[in-house]
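Below is one structure, written out as structure tokens; comments come after it.
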Amino acid sequence: MENRMNVQSRNIAATPAISITNLTKRFGGHTAVDNVNISVPPGSFLVLVGPSGCGKSTLLRMLAGLEPPTEGEISFGGKLVSDGQSGVMTNAAARDAGLVFQSYALWPHKTVEGNIDWPLKVANWSKKDRAERIDEVLKFLDIEALRDRYPAEISGGQQQRVAIARTIGPRPGILLLDEPLSNLDAKLRVDMRSELMRIHRATKATSVYVTHDQVEAMTMATHVAVLRDGKVEQFGPPDALLLKPQTTFVATFLGTPAGNLVPVIRNGAALSFNGIDLASADLAPGLNHAQLLYRAQDMTVGSREGRPGLKAIYVKSAPIAGQSMVTCLIGGLRVTAMVDGFFRAEPGAEVDLTFLRAPDAIFNTDGKRIST
Ligand code: ATP
């Protein structure tokens, strides 16, 4: 008996909160989501990130039950909610999922309280439970003072808080958020990011968050899926993606500043760029061409004894945490390097660019990582 219970509890723990299998969405001849496979455990904060048009919103809409998949399956907590093959598609409420969109879409003729109350009513909560829950979420989101106002009488940031309160009211097990902060100004975005993380910790709802902002992705996520042309380019914890990008796309999309990719050719026993030997050719066995990844912090301006370097054209500099983030051009190649303290030069001036360390990773010309 005890053994069976152990097996059972282990199985429950192993059931992913969200499991996406071979998921594809085609609009006519266009494949918006292309054979996506992702699985996350309960309580995860999954961020879908990628450039405009890569399929993030379409994927989220399929998770929400707003869009049927062309092929593949979605399961929440082991329960099939969408199946392209059989056409199964349960609606958002039956999925125990709450949605927060970029446009707050509050009901304009209901007060803040009325907006929060409505989904609870729809879910058949009793009057007493609703009243208690409304008080609770108003307090939780610090919007008690707005209770009797209408959406037109509160600011954009406050409207977004009400939209979040309305969504978390019925305590959904899964929260789906599509660029919820993109209409807010920069300062409010940062504040609301912390707020959403607090909400996530408190509700423990498994969350899926769509953004094209990689800083948002890296600060909030437990898991990140980088999408490109409908495909998952790489999936994993944010630090794994930053430290071990599997493709040049990921290496140059994530990180602040993003990594530098230097194209090299085999030159005898070395890989060289513009006639300067940068690394051993053993790092790219059998290849005549490759791409080396150098982090900005692994490059600097000013020559260094014993380190390879070349001439570059200064473009601009931005201060960041006691250092300067310097952008230079070597021919058509744009490179970012870090310099201690304050550094500035005349745009167009020639500077010495130095490679301080060995490359962080090596990729083939198709953009696939070949180093471990
Ligand atoms: P953004 O960051 O700009 O919102 P996204 O990554 O969310 O972009 P999607 O909105 O998912 O991208 O769109 C993916 C692709 O599918 C795009 O090429 C888009 O034009 C196309 N697409 C999305 N919805 C439809 C639709 N209903 N009919 C036809 N094509 C669509």
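The values are calculated or read from the model by the stated rules, or taken from the named source; none is laboratory data. Bear in mind that the values here come from a model prediction, so they are computed numbers and not experimental data. Every residue, glycine among them, receives a Cβ derived from its backbone with ideal geometry; neighbour counts consider all protein chains shown. Surface accessibility is based on the protein's heavy atoms, side chains included, excluding ligands, DNA and RNA. Shrake-Rupley method; radii C 1.70, N 1.55, O 1.52, S 1.80 Å.
Taking Y294 as the residue in question, decide whether it is touching a residue at least 40 places away in the same chain (Cβ under 8 Å) and not polar (S, T, N, Q).
Yes.
Can you tell me which residue among L227, L196, L175, L181 is hydrophobic (A, V, I, L, M, F, W, C) and in a loop (DSSP other than H, G, I, E, B)?
Exactly one residue qualifies, and that residue is L181.
Identify, by number, the condition in (1) at pLDDT below 95; (2) farther than 20 Å from P16 by Cβ; (3) open to solvent by less than 20 Å² (accessible area, probe 1.4 Å) that G55 doesn't meet.
So G55 meets the others, but not (1).
For (1) touching a helix residue (DSSP H, G or I) at 6+ places or on another chain (Cβ under 7 Å); (2) part of a loop (DSSP other than H, G, I, E, B); (3) farther than 16 Å from M338 by Cα; (4) not assigned by TED's automatic domain parsing to the domain that holds N22, each residue gets a yes or a no:
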| residue | (1), (2), (3), (4) |
| --- | --- |
| V232 | no, no, yes, no |
| L271 | yes, no, yes, yes |
| A279 | no, no, yes, yes |
| P285 | no, yes, yes, yes |
| Q297 | no, no, no, yes |
| S303 | no, yes, no, yes |
| Y314 | no, no, no, yes |
| P319 | no, no, no, yes |
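Of all residues in the stretch 190-215, count the ones that are among the polar types (S, T, N, Q), more than 16 Å from the ligand (Cβ to nearest atom) and in contact with a strand residue (DSSP E or B) (Cβ under 7 Å, 6 or more places away or on another chain).
Within the stretch 190-215, residues that are among the polar types (S, T, N, Q), more than 16 Å from the ligand (Cβ to nearest atom) and in contact with a strand residue (DSSP E or B) (Cβ under 7 Å, 6 or more places away or on another chain) number 2.
Name every residue in the stretch 169-189 that is at pLDDT 85 or above and either more than 16 Å from the ligand (Cβ to nearest atom) or open to solvent by 30 Å² or more (accessible area, probe 1.4 Å) (or both), in order of residue number.
G169, P170, R171, P172, G173, I174, L175
Can you name every residue in the stretch 91-137 that is open to solvent by less than 40 Å² (accessible area, probe 1.4 Å) and touching a strand residue (DSSP E or B) at 6+ places or on another chain (Cβ under 9 Å)?
Passing the criteria: A92, R95, A97, G98, V100, P119.
Give the stretch 141-153 a look and list any residue that's surrounded by fewer than 17 Cβ atoms within 10 Å (Cβ to Cβ) and either in contact (Cβ under 8 Å) with a residue 40 or more places away in the chain or in a loop (DSSP other than H, G, I, E, B) (or both), or say none.
Of everything in the stretch 141-153, those that are surrounded by fewer than 17 Cβ atoms within 10 Å (Cβ to Cβ) and either in contact (Cβ under 8 Å) with a residue 40 or more places away in the chain or in a loop (DSSP other than H, G, I, E, B) (or both) turn out to be D142, R147, D148, R149, Y150, A152.
Is there a residue being open to solvent by 40 Å² or more (accessible area, probe 1.4 Å), closer than 24 Å to A123 by Cα and either modelled with pLDDT under 90 or within 16 Å of the ligand (Cβ to nearest atom) (or both) anywhere in the stretch 69-81?
No, that holds for no residue.
Per-residue answers, yes or no, for (1) touching a Leu at 6+ places or on another chain (Cβ under 8 Å); (2) of a type in the set (D, E, K, R); (3) more than 14 Å from V224 (Cα to Cα):
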position: K244; (1), (2), (3): no, yes, no
position: F249; (1), (2), (3): no, no, yes
position: F253; (1), (2), (3): no, no, no
position: R266; (1), (2), (3): yes, yes, yes
position: S272; (1), (2), (3): yes, no, yes
position: A279; (1), (2), (3): yes, no, yes
position: A284; (1), (2), (3): yes, no, yes
position: L293; (1), (2), (3): yes, no, yes
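Could you check, for the stretch 23-40, whether at least one of its residues is surrounded by 15 or more Cβ atoms within 10 Å (Cβ to Cβ), away from the ligand (no atom under 16 Å from the Cβ) and within 14 Å of A225 (Cα to Cα)?
yes
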